[in-house]
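Before any comments, here is the structure.
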Amino acid sequence: MKKQLKMATAIGATALLALTACASTPAGDNASGADSKDLSIGVFNGWPEGEAVSILWKTILEEKGYNVELEYADVLPVFSALSTGDYDITLDGWLPITHQSLMEEYGDSIGDLGAWNDEAVLTVAVNEDAPIDSLEELADNGDLFDNRIVGIEPGAGLTEAVADRTIPAYGLDSFDFQTSSTPAMLGELKAALAAGENVAVTLWRPHWAYDAFPLKDLTDPEGTLGDQESLHTLSRDGFEGDYPELTEWFSNFTMSSELLYSLENVMYNEYEGTDFEPIVAKWISENQDYVDGLTS
């Protein structure tokens with residue numbers, strides 16, 4: 001910026017005015033019709049489906065010449081940053097239920113580029129060989145599960161649904177509903193399965209745990225966990241004007257749960273590191289036809 005200002009001063013007021021006019025072009029007013037090459041993606045902390053597809057798209061887009069930054073934050077700050085234009089997109093909008101209140105608060109400044117997966121659902125899951133199949137049966141068999149349900153983060157929408165609706169509806173008040181974090185829940189799940197013990201956890205689909213472990217969802221006849229949802233790509237105001245090509249790609253983006261499970265599984269279950277980009281690049285090479293179709 002300093003170099004630009006010095007140059008503007010040297011070449012005179014006319015060039016300075018031209019530079020100022022260019023810099024003041026509002027977001028979404030892309031006269032050239034070409035995409036901006038800098039993109040920021042908001043990623044929810046602890047939500048693997050969003051992180052997985054964000055890293056997938058980062059890898060794809062950087063091969064296309066884009067500069068992509070992943071911005072990790074909790075759900076509320078991501079929605080806020082989208083509404084103010086500080087982030088360009090997020091790929092993990094759960095609609096119409098989980099993020100309904102946030103869309104009501106910020107939706108006037110957030111665009112919806114469409115759903116890429118229509119199979120999202122909140123669940124309480126147990127080991128596949130557990131002798132129960134419903135949340136009603138869980139209430140009558142608490143001793144088989146140490147009278148506890150292992151949860152995720154205290155502020156999560158899933159945690160709120162289980163605490164406020166599921167537990168009262170099925171008479172699970174005597175259960176110890178343990179909340180800490182998604183990694184802690186997965187650690188307890190893995191340990192219990194390895195020991196051949198029954199375990200009940202709060203979970204959601206799509207999630208790699210269903211590909212990695214023998215699990216089943218308990219039926220929820222009272223509907224306390226809500227209906228099936230869709231995963232949406234949400235964008236800041238003006239995104240479509242600044243990124244016409246990306247708008248088309250993201251609007252056409254779809255990914256089945258099975259394909260997402262395979263990506264998540266190699267990232268979070270089979271791989272112990274934290275540098276996911278080489279792992280995702282390998283997955284891309286094994287699913288090249290699908291990936292090529294995302295930008296064709």
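The values are calculated or read from the model by the stated rules, or taken from the named source; none is laboratory data. What you see is a predicted model; the values in this text were computed from it and never measured. Because the Cβ atoms are built from the backbone with ideal geometry, glycine has one as well, and the counts that use them run over all protein chains shown.
Tabulated data
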{"quantity": "Any hit, segment 177-197, residues being in contact with a Pro (Cβ under 9 Å, 6 or more places away or on another chain), within 17 Å of residue 218 (Cβ to Cβ) and either modelled with pLDDT of 95 or more or among the small types (Gly, Ala, Ser) (or both)", "calculated": "yes"}
{"quantity": "Leading residue by the ranking (farthest from residue 185 (Cα to Cα)) among those in segment 41-58 that are in a strand (DSSP E or B) and within 8 Å of the chain's Cα centre (by Cα)", "calculated": "43"}
{"quantity": "Residue within segment 96-110 that is in a strand (DSSP E or B), not assigned by TED's automatic domain parsing to the domain that holds residue 176 and not aromatic (Phe, Trp, Tyr) present", "calculated": "yes"}
{"quantity": "Pairs, first under 19 Å from residue 184 (Cβ atoms) in segment 263-274, second of a type in the set (Gly, Ala, Ser) and surrounded by fewer than 19 Cβ atoms within 10 Å (Cβ to Cβ), C-beta under 7 Å, six or more apart", "calculated": "269/212"}
{"quantity": "Condition check for residue 245: in the same structural domain as residue 45 (by TED's automatic domain parsing) and either in a helix (DSSP H, G or I) or surrounded by fewer than 18 Cβ atoms within 10 Å (Cβ to Cβ) (or both)", "calculated": "yes"}
{"quantity": "Selection status of residue 126, outside the structural domain of residue 213 (by TED's automatic domain parsing) and out of contact with any His (no Cβ under 6 Å at 6 or more places or on another chain)", "calculated": "no"}
{"quantity": "Selection within segment 143-166 - acidic (Asp, Glu) and closer than 23 Å to residue 48 by Cβ", "calculated": "153, 160"}
{"quantity": "Residues that are among the acidic types (Asp, Glu) and surrounded by fewer than 17 Cβ atoms within 10 Å (Cβ to Cβ), drawn from segment 137-172", "calculated": "137, 140, 143, 146, 160, 164"}
